[in-house]
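For reference, the structure is listed below as structure tokens.
The values are calculated or read from the model by the stated rules, or taken from the named source; none is laboratory data. Bear in mind that the values here come from a model prediction, so they are computed numbers and not experimental data. Virtual Cβ from ideal backbone geometry, glycine too; neighbours counted across all protein chains shown. In case anyone asks, the SASA skips ligands and DNA or RNA and just uses the protein heavy atoms, side chains included. Shrake-Rupley method; radii C 1.70, N 1.55, O 1.52, S 1.80 Å.
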Amino acid sequence: MSNAPLPPGSTIGILGGGQLGRMLAIAAARLGLKTHIYEPGTNPPAGDVAAAVTTASYDNEAALTRFAAAVDVVTFEFENVPASAAAALAAHAPVRPGYRALEVSQDRAKEKSFVESLSIAVAPWRAVGDPNDLKVALAEIGTPSILKTRRLGYDGKGQVRVTDARQAETAWEAIASAPAVLEGFVDFERELSVIGARGLSGEVVCYEPGENVHRDGILHSTAVPGAISRSVREDAVLLAGKILNALDYVGVMGIELFQTSGGLVVNEIAPRVHNSGHWTIEACVIDQFQQHIRAVAGWPLGDGSRHSDAVMTNLIGAEADDWTELAAECAGLHLYGKAETRPGRKMGHVTRISPRG
Ligand code: AMP
């Protein structure tokens, strides 16, 4: 398949129609590119701003084939696309980022082994397949620790904290006996993330790391530069470059990190644009969504430097009901157009910028 840049007027297929797909579609439109959303659910947020929408499940091979034949490149806004869907698509269109990135990030055990193979630290961990494994793992790793399902966990879902080895049975039941990893609890100083991009020709551009605050396992805010020291910023960016290159990655990736007294520890990698990169829309000339579209379309990557300090705050559940007050502020307000407000659901975000300090 050709590596020539896709000309304006080309169509980017996006698997998943949530807010990330919506912001990708807006970014693509700015560059004269069309988007076609593939999403199993009806009325996806991204559908409001895309040229076309296919409503079908991820195991519908005929629909996947038609979709791939109708677009010039396929990308995704979330990583839990079944590997079989990615394979069906790859027969008809380039899929960027590719299969390896999906495979690694869909499974916490594979992800941790991969990161360790690059001599980058992760929390102490053990794969757990049954209650007995869990008891052995708890004896080795100790408590407090966190039991996380290997697959399909996000925003703190599919995980349970274990504070006492005697909780093994209840913890195992709490994650519905799914294959899991037990992770030692990391005594971190702060959480940060780095958003990196890699283009088709291998160039890497990273955004400045942001300091993240989570509430109930869900991202609450990202501040840039936050209280992250210069040397930690450099370490985070170097680590991101190593991961992107090792996966021969094309597109934007979010890497969540813990800063500890012993250095940086990778929590999770997401092979897509990332909530903790939303601040780039207001604080950088080329934001993470533009960058991802450029990368998957084979365009040159843009400059990722920021011109302002920024704090991005998510609007979760009923927090978005304050939209009139938020709209009156001089701040970047984003509402995702979701019909139903639910507790814990990401309904929008707001980014407040100030002159670069
Ligand atoms: P995750 O879904 O794995 O990204 O976890 C969501 C949040 O839970 C993280 O951002 C942390 O705030 C917290 N967390 C997850 N794993 C650990 C860990 N091993 N040690 C300490 N905190 C953790």
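Data table
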quantity: Residue within the range 64-80 that is more than 13 Å from the ligand (Cβ to nearest atom), under 23 Å from the mean Cα position of the chain (by Cα), without any contact (Cβ under 8 Å) to a residue 60 or more places away in the chain and closer than 25 Å to ILE255 by Cα present; calculated: no
quantity: Residue check for GLU268: open to solvent by 20 Å² or more (accessible area, probe 1.4 Å) and either touching a helix residue (DSSP H, G or I) at 6+ places or on another chain (Cβ under 6 Å) or within 16 Å of PHE114 (Cα to Cα) (or both); calculated: yes
quantity: Filter result for SER84 (of a type in the set (S, T, N, Q) and within 16 Å of the ligand (Cβ to nearest atom)); calculated: no
quantity: Count of residues meeting criterion [under 16 Å from the mean Cα position of the chain (by Cα) and open to solvent by 50 Å² or more (accessible area, probe 1.4 Å)] in the range 222-260; calculated: 0
quantity: Failed item in (1) open to solvent by 10 Å² or more (accessible area, probe 1.4 Å); (2) more than 16 Å from the ligand (Cβ to nearest atom); (3) more than 30 Å from LEU6 (Cα to Cα); (4) in contact (Cβ under 8 Å) with a residue 40 or more places away in the chain, with ARG306 passing the rest; calculated: (3)
quantity: In the range 191-204, residue farthest from the ligand (Cβ to nearest atom) [restricted to those that are over 19 Å from the mean Cα position of the chain (by Cα) and touching a residue at least 60 places away in the same chain (Cβ under 8 Å)]; calculated: SER201
quantity: Within the range 116-133, considering residues that are in a helix (DSSP H, G or I) and modelled with pLDDT of 95 or more, the one nearest to the ligand (Cβ to nearest atom); calculated: GLU116
quantity: SER105 vs. criteria in a helix (DSSP H, G or I) and crowded, with 20+ Cβ neighbours inside 10 Å; calculated: yes
quantity: Of all residues in the range 176-189 being in contact with a strand residue (DSSP E or B) (Cβ under 6 Å, 6 or more places away or on another chain) and within 12 Å of LEU134 (Cα to Cα), the one that is farthest from the ligand (Cβ to nearest atom); calculated: ALA178
quantity: Elements of type strands (runs of 3 or more DSSP E) contained in the range 1-61, each with 2 or more residues being hydrophobic (A, V, I, L, M, F, W, C) and either touching a Pro at 6+ places or on another chain (Cβ under 9 Å) or without any contact (Cβ under 8 Å) to a residue 60 or more places away in the chain (or both); calculated: 52-55
quantity: Only listed residue being open to solvent by less than 30 Å² (accessible area, probe 1.4 Å) and not in a loop (DSSP other than H, G, I, E, B), chosen from ALA327, ALA320; calculated: ALA320
quantity: Residue tally, condition away from the ligand (no atom under 16 Å from the Cβ), free of Cβ contacts under 8 Å to residues at least 60 places away in the same chain and not hydroxyl-bearing (Ser, Thr, Tyr), over the range 205-250; calculated: 12
quantity: Of the criteria (1) aromatic (Phe, Trp, Tyr); (2) modelled with pLDDT of 95 or more; (3) over 18 Å from ILE218 (Cα atoms), which one TRP172 fails; calculated: (2)
quantity: Flag for ALA139 being more than 11 Å from the ligand (Cβ to nearest atom) and of a type outside the set (S, T, N, Q); calculated: yes
quantity: Lone unmet requirement of (1) more than 16 Å from the ligand (Cβ to nearest atom); (2) under 28 Å from ARG96 (Cα atoms) for THR149; calculated: (1)
quantity: Residue ranges of strands (runs of 3 or more DSSP E) in the range 138-221 with at least 1 members outside the structural domain of GLU79 (by TED's automatic domain parsing), open to solvent by 40 Å² or more (accessible area, probe 1.4 Å) and of a type in the set (Val, Ile, Thr); calculated: 204-206, 210-215
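So that you can scan it fast, the table gives a plain yes or no per residue for (1) open to solvent by 30 Å² or more (accessible area, probe 1.4 Å); (2) not hydrophobic (A, V, I, L, M, F, W, C):
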| site | (1), (2) |
| --- | --- |
| GLY21 | no, yes |
| LEU24 | no, no |
| ARG30 | yes, yes |
| PRO40 | yes, yes |
| ALA52 | yes, no |
| ASP59 | yes, yes |
